[in-house]
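Peer 1: This structure is in structure tokens; I'll ask about it shortly.
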Amino acid sequence: MSKGTQLWPGDKMRSFFSAHIRRETSLDDAAVERLAEALTKAVNRMLVWDMPDDVPRTGKAAGKGDAAPELAARHARAENFNPYLFSAIVVLAKQGRDGLSKRLQEIKTVENLRAFAEAQHVPVDAKLRRLDDIRKAIVAAAEQRLADRKAAAS
């Protein structure tokens, strides 16, 4: 078995879904794009063994022309963030609240903080918009999760 390709939410994953939907259905372009966007939002990451020919195999942005810099920036934000870079629970247990807060300062965007919270299974209210508020919510949720673990172990 060959090595698979890991796709994260972003342009490459959206293109992957689009290519398969176009190939397998007779939907119009607008419907294909809506469905591909919905699937991209619903999937955190995926491992793919068979990439369609019309999906770029490199990590470079597929767009050219005037939209290329914006597309490349959005692609870099979505593709290059690893929500498993560190464990919120482990950092909280070993370094405390301040240590976790300090590590969360490394995450600079709201979308990446939300991806981190989802991947770490620490719930954050969808109404929160400010970076600091989301970071505080992640710390509070991680503390609650750690307390629940300790209670279950006793």
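The values are calculated or read from the model by the stated rules, or taken from the named source; none is laboratory data. None of the values given here were measured: they were computed from a predicted structure. Reconstructed Cβ throughout: ideal geometry from the backbone, glycine too, with neighbour counts over all protein chains shown. To get the accessible areas, we keep the full protein, side chains included, count just its heavy atoms, and leave off ligands, DNA and RNA. Shrake-Rupley method; radii C 1.70, N 1.55, O 1.52, S 1.80 Å.
Peer 1: Within segment 83-107, can you find the residues that are at pLDDT below 90 and open to solvent by 70 Å² or more (accessible area, probe 1.4 Å)?
Peer 2: Residues satisfying the conditions are Tyr84, Leu85.
Peer 1: In segment 109-129, which residues are free of Cβ contacts under 8 Å to residues at least 12 places away in the same chain and either open to solvent by 80 Å² or more (accessible area, probe 1.4 Å) or closer than 25 Å to Lys12 by Cβ (or both)?
Peer 2: Once the filter is applied, which keeps residues that are free of Cβ contacts under 8 Å to residues at least 12 places away in the same chain and either open to solvent by 80 Å² or more (accessible area, probe 1.4 Å) or closer than 25 Å to Lys12 by Cβ (or both), segment 109-129 yields only Lys127.
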